[in-house]
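Scroll down for the structure; my scribbles are underneath it.
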């Protein structure tokens, strides 16, 4: 699986990030496929420079962006901001899955009654 993620650069305590396309199995600062931009959180306002054409290309061929990269893509206008209804629907699905998982864990934790 190919991911679009941040690669940390810069000195200790003074980070800047490259927005890169990399295999999901490679380490954070390891081998990359392509560098598509950079992000500097230390400037006011934060500097975001991403090649929109390359980002759309990689998204089109199935690359999965991380949560932080999705945020940067939304802020830079490359992908549209999700509507409130979409966000609420995703939250409801996550809550239902968490409740189901908790119920299964609770059921598994109860000791089984011995039949005589």
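The values are calculated or read from the model by the stated rules, or taken from the named source; none is laboratory data. Nothing here was measured: the structure is a model prediction, and the numbers come from that model. Here the Cβ positions follow ideal geometry from the backbone for every residue, glycine too, while neighbour counts run over all protein chains shown.
Would you check if residue 95 is loosely packed, with under 10 Cβ neighbours inside 10 Å and either under 26 Å from residue 22 (Cβ atoms) or not assigned by TED's automatic domain parsing to the domain that holds residue 18 (or both)? Spelling it out, it is not the case that residue 95 is loosely packed, with under 10 Cβ neighbours inside 10 Å and either under 26 Å from residue 22 (Cβ atoms) or not assigned by TED's automatic domain parsing to the domain that holds residue 18 (or both). Among the criteria (1) within 15 Å of residue 18 (Cα to Cα); (2) free of Cβ contacts under 8 Å to residues at least 24 places away in the same chain, the one residue 53 does not fulfil is (1). Restricting 43, 87 to residues that are in the same structural domain as residue 15 (by TED's automatic domain parsing) and without any contact (Cβ under 8 Å) to a residue 40 or more places away in the chain narrows the list to 43. Taking strands (runs of 3 or more DSSP E) as the structural unit, those lying wholly within the stretch 1-74 and holding at least 2 residues that are closer than 24 Å to residue 87 by Cα correspond to 2-11.
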